[in-house]
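The block underneath contains the structure these notes are about, expressed in structure tokens.
The values are calculated or read from the model by the stated rules, or taken from the named source; none is laboratory data. Every value quoted in this text rests on a predicted model; they were computed, and no experiment measured them. Counting neighbours? That spans all protein chains shown, and the Cβs are built from the backbone with ideal geometry, glycine included.
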Amino acid sequence: MVEISREERDVYLIPQNFVDTGTILGGTVKLRNAVEAAVLAVGSAVPLFYLPLAFNIRLMIVIAVSVPLGVFGVVGIGGDSLTQFAAHWFRFMKRRRIVTPTPQGNLDANRHRHLRFISKRYRVVYYNNSLVSLDNFNTRIYKNANMAILGTSGAGKTFTMQLIARRMRLAGTPVYIIAPLKGHEFYRQAKALNGTIIRIVPGSPDCINVMEIRKIDHTSSELLDGPMPEQSELAAKIQKLHIFFSLLIPDLSNEERQLLDEAIVTTYRNKGITYSNASLDDPAHPGQYREMPILGDLHAVLSSAPETRRIANILNRLVHGSASSFNRQTNVNLDNSYVVIDISELSGDLLTVGMYIGLDYMWDKAKEDLTRRKQIFIDEVWQIIGASSNALAANYVFEAVKTIRGYGGGVLVATQDLNDFFSLEDGKYGRGILNNCKIKIILNLEEEEAQRVQSVLKLTDAEIDNITRFERGSALIVTNSNNVTVDMRCSEEEKDLITTDRDELRRIVERKMQNQTETEES
Ligand SMILES: Nc1ncnc2c1ncn2[C@@H]1O[C@H](COP(=O)(O)OP(=O)(O)OP(=O)(O)O)[C@@H](O)[C@H]1O
Ligand SMILES: [Mg+2]
């Protein structure tokens, strides 16, 4: 601490009444209140005094009416004088607004006279009516931009996710969504935002080649950190292919894994690709990578040896069988700022495989530009970290959630099945992912699910009680140590684009049919 010498210290006397400006009686009564009280008391006393009654009675009426009015005037209401209070009230009634986002992403302040009616109709819990804005990329507040949405079936996870995705996209953040179930729920909004829909399903023309080593643009990381020590891209790809195969063939033995490894290396070598990154460059097209092998090439290598024939037979489905659309070069790109990868029509074990392929593709894209924000959305994440998956794939998602911050991005995961979410290895991955999401949005949960979340997120009994009673649209946002109950609203246009509610969908169809008939008639 710096010592201040005696000479440098000045003493300033602050008069006792410095806060008493505009007051009388030693600061006890505000002048404005006193004047209003006098006007009220005298104003009511004079006409009362002229009433045609006996003097005593008139005196009693004046004491009963004017004196309380005078006291009321002196005290005021809530710290305001009576006229100030009246002015504030009129101003509030005139200016009150409901703030809703427009489809363009702006906030529209609609004048609304029936706040109370609306709050009843929508069962809104108004704590203090203030607008809550969530900027998950604000690094001063949140250590990472990851979010988790938990909610029971139909609570509004997909809806909330799409609402956030939309606002982010309109604010300029690229959005990549994986839709493992009910992919069609994402189409209307994706089309309205001119986004790209990639359908990874048997028979679809869209394909992501799982064996492709993608050329990643490292310009920004090299500008920041200088040239990086070379890591073999083939070695990294082989690691990822092992995850892919562990999902496809859960009972792969150690010996088979070793043989598979050798077969993968041979397949790449047949295309001229080795562990040296220089071998990836295509001499015929400088600046581009060589043509990559596809699953069919690996299948041919695996079929040629009897020890790997079992793997080849299982892979056959993706090469010649019902899912042969996996056996092609990548023919889609993630250049759009709103991309939905729909894998929802993949069945059984292929769903987890498809989820992994989609996520891996997005992850490569997310790693490109460190300076640019981007958000990956994974609906029904329990599919890839739950019991139907395995530790390798769950760890891959966990690592992605843990490291995406370093690439300027965020992951938003939504999950319904908490049992599955916490199933693998005693909930290690589920808990790890939740702990790496600075923002958790808890929608309505069933009693049992809520108890489970309570212990993981350390919520109070009152909060759990609230969560189990939430209506659609209400949520508890848990961030840092602040838990806030909010009500998520959308505009009518937004609702039309993302609702999954049958009645609302029917209304949209009816409206569209009516519009069509009107245009035809005119
Ligand atoms: N904030 C909200 N405002 C208005 N309507 C909402 C809101 N949240 C949810 N809804 C309504 O609830 C419906 C169901 O929500 P949604 O499909 O997102 O549920 P979900 O949790 O994803 O269910 P599932 O687990 O079955 O996929 C939505 O289609 C929408 O009509
Ligand atoms: Mg859903």
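Restrict the check to the range 191-207 and report whether at least one residue is farther than 19 Å from M355 by Cα and outside any loop (DSSP other than H, G, I, E, B). Steps first, please.
Of all residues in the range 191-207, those farther than 19 Å from M355 by Cα come to 191-195.
Going one step further and asking which of them are outside any loop (DSSP other than H, G, I, E, B), we end up with 191-192.
Scanning the range 191-207, I find at least one residue that is farther than 19 Å from M355 by Cα and outside any loop (DSSP other than H, G, I, E, B), so the answer is yes.
Condition check for A155 on (1) closer than 27 Å to L505 by Cα; (2) modelled with pLDDT of 60 or more; (3) part of a helix (DSSP H, G or I); (4) hydrophobic (A, V, I, L, M, F, W, C): one failure, at (3). Consider the range 392-418 and keep the residues that are among the hydrophobic types (A, V, I, L, M, F, W, C), part of a helix (DSSP H, G or I) and closer than 28 Å to L370 by Cα. The one that is nearest to ligand 2 (Cβ to nearest atom) is V397. For L443, all conditions in the list (1) of a type outside the set (D, E, K, R); (2) within 12 Å of ligand 1 (Cβ to nearest atom); (3) out of contact with any strand residue (DSSP E or B) (no Cβ under 7 Å at 6 or more places or on another chain) hold save one; what is the number of the exception? Evaluating L443 over (1) of a type outside the set (D, E, K, R); (2) within 12 Å of ligand 1 (Cβ to nearest atom); (3) out of contact with any strand residue (DSSP E or B) (no Cβ under 7 Å at 6 or more places or on another chain) leaves (3) as the failure.
Condition first: part of a loop (DSSP other than H, G, I, E, B), over 19 Å from E345 (Cβ atoms) and of a type outside the set (V, I, T). Now tell me which residues in the range 359-388 satisfy that. Residues satisfying the conditions are K367, E368, D369, L370, R372, R373, G386, A387. Taking the listed residues L457, L424, L392, the one that is at pLDDT below 90, surrounded by fewer than 17 Cβ atoms within 10 Å (Cβ to Cβ) and not β-branched (V, I, T) is L392, with no other qualifying.
For the range 322-341, what are the residues that are of a type outside the set (S, T, N, Q) and either assigned to a helix (DSSP H, G or I) or surrounded by 13 or more Cβ atoms within 10 Å (Cβ to Cβ) (or both)? Those that are of a type outside the set (S, T, N, Q) and either assigned to a helix (DSSP H, G or I) or surrounded by 13 or more Cβ atoms within 10 Å (Cβ to Cβ) (or both): A323, F326, R328, V332, L334, Y338, V339, V340, I341. Scanning the range 413-437 for residues that are touching a residue at least 60 places away in the same chain (Cβ under 8 Å) and of a type in the set (A, V, I, L, M) gives V413, A414, L418, I433, L434.
Of the residues making up the range 135-151, none is within 16 Å of ligand 1 (Cβ to nearest atom) and without any contact (Cβ under 8 Å) to a residue 40 or more places away in the chain. Selection over the range 158-177 of residues that are surrounded by 23 or more Cβ atoms within 10 Å (Cβ to Cβ) and near ligand 1 (Cβ under 8 Å from one of its atoms) gives a count of 5. Among the residues making up the range 44-62, those that are part of a helix (DSSP H, G or I) and surrounded by 12 or more Cβ atoms within 10 Å (Cβ to Cβ) are S44, A45, L48, F49, R58, L59, M60, I61, V62. Within the range 463-498, being surrounded by fewer than 19 Cβ atoms within 10 Å (Cβ to Cβ), within 17 Å of the chain's Cα centre (by Cα) and within 12 Å of ligand 1 (Cβ to nearest atom) holds for R472, V486, D487, M488, R489, K495.
Of the helices (runs of 4 or more DSSP H) contained entirely in the range 210-289, those carrying at least 3 residues that are in contact (Cβ under 8 Å) with a residue 24 or more places away in the chain and crowded, with 18+ Cβ neighbours inside 10 Å fall at 233-248, 254-270. Here the range 178-194 is the region considered, the condition is being surrounded by 20 or more Cβ atoms within 10 Å (Cβ to Cβ) and away from ligand 1 (no atom under 13 Å from the Cβ), and the residue that is nearest to the chain's Cα centre (by Cα) is I178. Considering V132, V201, V175, the condition of being among the β-branched types (V, I, T) and at pLDDT below 80 is satisfied by V132 alone. If we keep just the residues of the range 158-179 that are touching a strand residue (DSSP E or B) at 6+ places or on another chain (Cβ under 9 Å) and not in a helix (DSSP H, G or I), which is nearest to ligand 2 (Cβ to nearest atom)? Selected residue: A179. Sub-7 Å Cβ pairs linking a first residue in the range 438-462 that is touching a residue at least 24 places away in the same chain (Cβ under 8 Å) to a second residue that is charged (D, E, K, R), at least 6 apart or interchain, are K438/K143; L443/K157; V456/R431, ordered by first then second residue.
Look at (1) within 22 Å of D349 (Cα to Cα); (2) in contact with a Phe, Trp or Tyr (Cβ under 7 Å, 6 or more places away or on another chain); (3) modelled with pLDDT under 90 and you find that K215 fails only one, number (1). Residues that are buried (at least 20 other Cβ atoms within 10 Å of the Cβ) and in a helix (DSSP H, G or I) within the range 342-354 comprise L350, L351, T352, V353, G354, listed in sequence order.
Of note, G410 does not satisfy the criterion of being of a type in the set (G, A, S), under 26 Å from G172 (Cα atoms), away from ligand 1 (no atom under 16 Å from the Cβ) and at pLDDT below 90.
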